[in-house]
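The values are calculated or read from the model by the stated rules, or taken from the named source; none is laboratory data. Bear in mind that the values here come from a model prediction, so they are computed numbers and not experimental data. Heads up, the Cβs are rebuilt from the backbone with ideal geometry, glycines too, and the neighbour counts pull from every protein chain shown. SASA here: full protein model, heavy atoms, side chains in, ligands and nucleic acids out. Shrake-Rupley method; radii C 1.70, N 1.55, O 1.52, S 1.80 Å.
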Amino acid sequence: MKIDIVTIFPKMLEGPLAEGIVGRAIVGGRLDVRVHDLRDHTTDRHRVVDDVPFGGGPGMVLKPEPLFAAVEHIRSERGVPGAVILTSPDGDTLTHAVAERLSTLGHIVVLCGRYEGVDERVRVNLATETLSIGDYVLSGGELPALVIVDAVARLVPGVVGDETSVARDTFARGLLDYPQYTRPAEYRGLTVPPVLLSGHHREIERWRRRKALARTLDRRPDLLAKATLGPEDAALLRELARPERSESE
């Protein structure tokens, strides 16, 4: 998969992209990630990428010309992308479903917003979608770009070694994940639930499903409306909804 990122701070991206799953996927050829300096697509000797907003107001706005030029360069050198994504706090929220869709496109471009925003002509006439990673404001789109890359990359076949772990991720099945434990089985008097040590795989799966449902019901009940639930799940939810249920259930 090809991913192109356009930014005025390329060095903010270089370190994170060289590490972890994404870094290994780049080295291994599963991902082809290029970072483009927006200033390389200016035409003046000062390499200006921003200007004051028409109508007045605080701050600066990213100019349209360098962004259009950057995307046109990417199209000519790397092919037509399946999506051109603008990062902005007023965009649609990045979700697992959005990441899944983007992972199937083969080639995406991410434009990192900055300052007071981006000229609206970029949003309307260049970007195919605008994404936000949450209801808060950052100083720029570089961190959201890294989040988008990581969320999308792990869904590309071959990027994560054990693909069953991706299929079991939080949100992948519409629920939050169940609690995880590892060795030692007892630490400072704190013990692992006996069922996980029992070797009874069916009981372990039922315990995990119950815990995932309980965690989702407690923390993100809104997800249950969209989750795919079977009859056993419905029965477990009825049990979990009982006011007298204990934390140990």
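Restricting attention to region 82-114, the residues that are within 14 Å of the chain's Cα centre (by Cα) and acidic (Asp, Glu) total 2. Scanning region 121-133 for residues that are surrounded by 12 or more Cβ atoms within 10 Å (Cβ to Cβ), among the charged types (D, E, K, R) and closer than 22 Å to Arg215 by Cβ turns up nothing. What's the number of the condition Leu143 fails, among (1) over 17 Å from the mean Cα position of the chain (by Cα); (2) open to solvent by 80 Å² or more (accessible area, probe 1.4 Å)? Unmet for Leu143, out of (1) over 17 Å from the mean Cα position of the chain (by Cα); (2) open to solvent by 80 Å² or more (accessible area, probe 1.4 Å): (1).
When Ala127 is tested against (1) small (Gly, Ala, Ser); (2) over 15 Å from the mean Cα position of the chain (by Cα); (3) at positive phi, just one condition goes unmet, and that condition is (3). Would region 33-43 turn up any residue that is of a type in the set (S, T, N, Q), assigned to a helix (DSSP H, G or I) and exposed (fewer than 14 other Cβ atoms within 10 Å of the Cβ)? No; the residues of region 33-43 include none that is of a type in the set (S, T, N, Q), assigned to a helix (DSSP H, G or I) and exposed (fewer than 14 other Cβ atoms within 10 Å of the Cβ). Looking at the structure I just gave you, is Pro10 open to solvent by 60 Å² or more (accessible area, probe 1.4 Å), under 22 Å from Leu131 (Cβ atoms) and touching a residue at least 12 places away in the same chain (Cβ under 8 Å)? Taking the combined requirement at face value, the residue does not satisfy it.
Of all residues in region 60-71, none are open to solvent by less than 80 Å² (accessible area, probe 1.4 Å) and on the phi > 0 side of the Ramachandran plot.
Across region 91-105, the qualifying residues are those that are closer than 17 Å to Val33 by Cβ and in contact with a strand residue (DSSP E or B) (Cβ under 7 Å, 6 or more places away or on another chain), and the one among them that is most open to solvent (accessible area, probe 1.4 Å) is Leu105.
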